[in-house]
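A short worksheet on the structure shown next.
The values are calculated or read from the model by the stated rules, or taken from the named source; none is laboratory data. Predicted, not measured: the structure shown is a model, and the values here were computed from it. Quick reminder, even Gly has a Cβ in these numbers, built from the backbone with ideal geometry, and neighbours come from all protein chains shown. Side chains are part of the model used for accessible areas, which takes the heavy atoms of the whole protein and leaves out ligands, DNA and RNA. Shrake-Rupley method; radii C 1.70, N 1.55, O 1.52, S 1.80 Å.
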Amino acid sequence: QVQLVESGGGLVQAGGSLRLSCAASGRTISSYVTGWFRQALGKEREFVAAMDRSGRLTSYADSAKGRFIISKDNTKNTVYLQMNSLKPEDTAVYYCAADQNNVVFITHDFGSWGQGTQVTVSS
């Protein structure tokens, strides 16, 4: 089973940028659908972005489209979420996820999850 460890969270001012990293181990991430989710205080976890197994297809929540980019480096076995033009409403714990089934790109029913990293955007 793949293990995921996230890093890169922190405090940033509105309008700034941040890149989150998710280091995978135990399996090669090149064989997995990957995704990012977030959960703000008092709110449900919500979908942010996903990438299919080939790495050629991506999808984004409307709130992330045009501002966030999901990518991966197979040589480093790491998934990234580049976040630009950050807003206070982006404040949340961000989780990366992975699954071997390509259908998860659509269903978002991921089997493996990271521990999360806090992102705080100040106004």
Going out from 0 in 10 Å bins, what whole percent of all Cα-Cα distances in the chain drops into each bin?
15, 50, 29, 5
Can you give me the C-alpha center-to-center distance between region 72-104 and region 28-54, rounded to a whole angstrom?
6 Å
Reachable lysines from Lys65, criterion Cα separation under 16 angstrom, eight or more residues apart if same chain:
Lys87
Note: probe point = Cα of Val5 + 7 Å toward Cβ; backbone nitrogen < 15 Å; residues of region 71-91 passing the test are 76-79
How many Å² of accessible area per residue for region 31-116, probe 1.4 Å?
51 Å²
For Trp113, Trp36, the accessible-area ranking with a 1.4 Å probe, largest leading, is Trp113, Trp36
State the answer as a single residue: which of Ala98, Phe110, Val79 lies farthest towards the positive end of the charge dipole of region 64-117, with beta carbon charges of +1 for Lys and Arg and -1 for Asp and Glu, about the Cα centre.
Val79
Under the Kirkwood approximation applied to all pairs of distinct alpha-carbon atoms, what is the hydrodynamic radius of region 55-123 in Å?
13.6 Å
